[in-house]
Amino acid sequence: MSVILGRATEEEIAEIYELAGINREEATGIPFENHKEEMIKAYEHSKKFGAYFLAARSSGKLAGWVQIDKSTDWVIGKEIGWINDIYVKKSFRGKGFATALLKQALEELKEMEYDEVRLNVYSSNEQAIKLYEKLGFHDLNKFMKLDM
C-alpha cells in the first residue's frame with residue numbers, strides 16, 4: 001500500500017473530527033463518554049495557535065493523521081515542536097503509516113527551525129512507545145498519580 005502525505009483537506013478534517021475520541025480511548029485504555037468533545041476542543045484550541053493536521057492517504061482514503069503543533073518548555077522558556085495527536089485507522093496499521101506520518105511531521109518541524117520535538121504517551125501504550133523510541137524519542141519526565 002502506498003502512502004501520500006499532505007496537509008489535511010477540509011473533508012479530511014471533518015472525518016478526523018468525526019473519529020475524535022476513538023484515538024484517545026485506544027491510547028489511554030480509558031472509556032469516557034466525553035472523549036470526542038474533549039479532543040475536538042483540544043484540536044480547535046491548538047488550531048488557534050497554528051497547529052495543523054498532516055494526513056496520510058492510501059487509495060484515496062484517509063488512513064491516519066498527525067497534528068503538528070508547538071508548545072513551550074516553561075522551565076527553560078523555550079518554544080518547542082509538539083506532536084499533539086497521531087492516529088492510524090485500524091485497517092491501515094502495521095503498514096508503516098505511523099512511521100511515515102511522524103517522519104514527515106519531524107521534517108516539517110525541523111523546517112520550522114525547531115531543534116526539539118516532544119510528545120506525550122501513556123506508559124501502557126507500548127506499541128506507540130516502541131515506535132517513538134525507534135525514531136529517537138526518549139523519556140524526559142514522568143507524570144505520576146495516586147488514586148485516593
Inset, instruction - Evaluate the following for residue 137: is it part of a loop (DSSP other than H, G, I, E, B), more than 22 Å from residue 15 (Cα to Cα), within 16 Å of the chain's Cα centre (by Cα) and among the hydrophobic types (A, V, I, L, M, F, W, C)? - result: yes
Inset, instruction - State all residues of the stretch 88-143 that are touching a Ser or Thr at 6+ places or on another chain (Cβ under 9 Å) and of a type in the set (D, E, K, R); if no residue qualifies, say none. - result: 95, 118, 134, 142
Legend entry - Of all residues making up the stretch 113-134, the number that are part of a loop (DSSP other than H, G, I, E, B), touching a residue at least 24 places away in the same chain (Cβ under 8 Å) and of a type outside the set (S, T, N, Q): 5
Inset, instruction - Answer yes or no: is there a residue in the stretch 29-42 that is surrounded by fewer than 16 Cβ atoms within 10 Å (Cβ to Cβ), assigned to a strand (DSSP E or B) and of a type in the set (D, E, K, R). - result: no
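Yes/no matrix, rows are residues, columns are (1) assigned to a loop (DSSP other than H, G, I, E, B); (2) among the β-branched types (Val, Ile, Thr); (3) free of Cβ contacts under 8 Å to residues at least 12 places away in the same chain:
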residue: 2; (1), (2), (3): yes, no, no
residue: 16; (1), (2), (3): no, yes, no
residue: 23; (1), (2), (3): no, no, no
residue: 100; (1), (2), (3): no, no, no
Legend entry - Residue list for the stretch 68-83, filter: over 20 Å from residue 5 (Cβ atoms), aliphatic (A, V, I, L, M) and touching a residue at least 24 places away in the same chain (Cβ under 8 Å): 80
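Just checking, does the stretch 49-59 include any residue being of a type in the set (D, E, K, R), under 15 Å from residue 84 (Cα atoms) and without any contact (Cβ under 8 Å) to a residue 60 or more places away in the chain?
Looking through the stretch 49-59, none of the residues is of a type in the set (D, E, K, R), under 15 Å from residue 84 (Cα atoms) and without any contact (Cβ under 8 Å) to a residue 60 or more places away in the chain.
Every read-out reported here was derived from the displayed coordinates using simple, explicitly stated rules and does not represent laboratory data. Because the structure is predicted, anything quoted here is derived from the model rather than measured. Cβ coordinates were reconstructed from backbone atoms using ideal geometry, including for glycine residues, and neighbour counts include every protein chain displayed.
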